[in-house]
1. Name every residue in the range 85-110 that is of a type in the set (Asp, Glu) and open to solvent by 10 Å² or more (accessible area, probe 1.4 Å), in order of residue number.
2. Restricting to the range 24-65, count the residues that are polar (S, T, N, Q) and more than 24 Å from residue 84 (Cβ to Cβ).
3. Any idea which residue in the range 111-121 is nearest to residue 46 (Cα to Cα), counting only those that are surrounded by 11 or more Cβ atoms within 10 Å (Cβ to Cβ) and out of contact with any Phe, Trp or Tyr (no Cβ under 9 Å at 6 or more places or on another chain)?
4. Mind listing whichever residues of the range 32-69 are polar (S, T, N, Q), over 13 Å from residue 88 (Cα atoms) and surrounded by 15 or more Cβ atoms within 10 Å (Cβ to Cβ)?
5. Of 15, 82, which residue is modelled with pLDDT under 95, under 29 Å from residue 143 (Cα atoms), open to solvent by 60 Å² or more (accessible area, probe 1.4 Å) and among the polar types (S, T, N, Q)?
6. Between 93, 38, which is in contact with a strand residue (DSSP E or B) (Cβ under 6 Å, 6 or more places away or on another chain), of a type outside the set (A, V, I, L, M) and in contact (Cβ under 8 Å) with a residue 40 or more places away in the chain?
7. Pull out all pairs, ordered by first then second residue, where Cβ-Cβ is under 8 Å, the residues are six or more apart or on different chains, the first lies in the range 60-89 and is over 25 Å from residue 47 (Cα atoms) and without any contact (Cβ under 8 Å) to a residue 60 or more places away in the chain, and the second is of a type outside the set (Lys, Arg) and surrounded by fewer than 10 Cβ atoms within 10 Å (Cβ to Cβ).
Amino acid sequence: SKPVYSLTVNIQPDTSEPLAGVTAPIDGSTLYQGSSVTVQFRAVDDSQLANVTVLANGTQVYSKNVSAQSMNDKFAVIMPGTATEYLLQVRATDVYGNVGITDWRYPLISDEPPSISIRTPAAGSRLVEGEPFTLAALVTDNRQVNSVTFFIEQNGTALISKIGRAHV
C-alpha cells in the first residue's frame, strides 16, 4: 500500500477593501449650480469586484454589478441649483463582502452674468459724425467669454451690430 500524506494549508481570507475613486472632475474643483457634469470613476480589487455604487449628497445616482478585478465608467449628472457643496461617495464591494468607500467634495457656485466695462471712448466723450473711433470693452465672466456683440444706436435706430471674438 502507498503511504498517505497530509498537508495543512492555511488560506488567508481576503479582508482588503476594494479601491475606488473619481477620476473626473478633480476633487475640490469648482462646479456650477444647475450645470451638467460628467463623472468618471475607477474601482479595482485584488480578488474580484461585485458592485460599484455612487451616491451624490446621500442619494444613489449610479449602481452596477461587476464581475471583474477593475472597472472604469462614467455618467452625467445635473448639479443642484441651490446647494453650495456637492458630495460624491463611491462604494466598491468585492465578492467577499469587503467594502471600500471614498468621499469626493466639490464647491458649487452660481454662473454669474458677464461683467462689461466700456474702456474707450471714455464716458462723456464727444464724437464727431463721420470720424472713426475705437470701441474697447473689458468683458469678464466667472466661467468663460466666447464672444461679444456691440450694438450702436442713434435715436433708437441701430447703426452697427458687430461681433467680436474674445481674446485670451
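The values are calculated or read from the model by the stated rules, or taken from the named source; none is laboratory data. Predicted, not measured: the structure shown is a model, and the values here were computed from it. Here Cβ is always computed from backbone atoms with ideal geometry, including for glycine, and neighbour counts include all displayed protein chains. Heavy atoms of the whole protein, side chains included, go into the accessibility calculation; ligands, DNA and RNA do not. Shrake-Rupley method; radii C 1.70, N 1.55, O 1.52, S 1.80 Å.
1. In the first step, residues of the range 85-110 are kept if they are of a type in the set (Asp, Glu); the result is 85, 94, 103.
Once the filter is applied, which keeps residues that are of a type in the set (Asp, Glu) and open to solvent by 10 Å² or more (accessible area, probe 1.4 Å), the range 85-110 yields 85, 103.
2. So in the range 24-65, the residues polar (S, T, N, Q) come out as 29-30, 33, 35-36, 38, 40, 47-48, 51, 53, 57, 59-60, 63, 65.
Filter once more, so that each one left must be more than 24 Å from residue 84 (Cβ to Cβ): 47-48, 51, 53, 63, 65.
Selection size over the range 24-65: 6.
3. Here is the first cut: in the range 111-121, the residues surrounded by 11 or more Cβ atoms within 10 Å (Cβ to Cβ) are 111-112, 114-116, 118, 121.
Next cut, out of contact with any Phe, Trp or Tyr (no Cβ under 9 Å at 6 or more places or on another chain) only: 112, 114-116, 118.
Numbers: 112: 46, 114: 50, 115: 52, 116: 55, 118: 61 Å.
Looking at residues that are surrounded by 11 or more Cβ atoms within 10 Å (Cβ to Cβ) and out of contact with any Phe, Trp or Tyr (no Cβ under 9 Å at 6 or more places or on another chain), I get 112.
4. Within the range 32-69, 33, 48, 51 meet the criteria.
5. Numbers: 15 fails: under 29 Å from residue 143 (Cα atoms).
When all the criteria are applied, what remains is 82.
6. The match here is 93.
7. That search, which allows pairs on different chains as well, returns 76/36; 77/36; 78/36; 79/36; 87/58.
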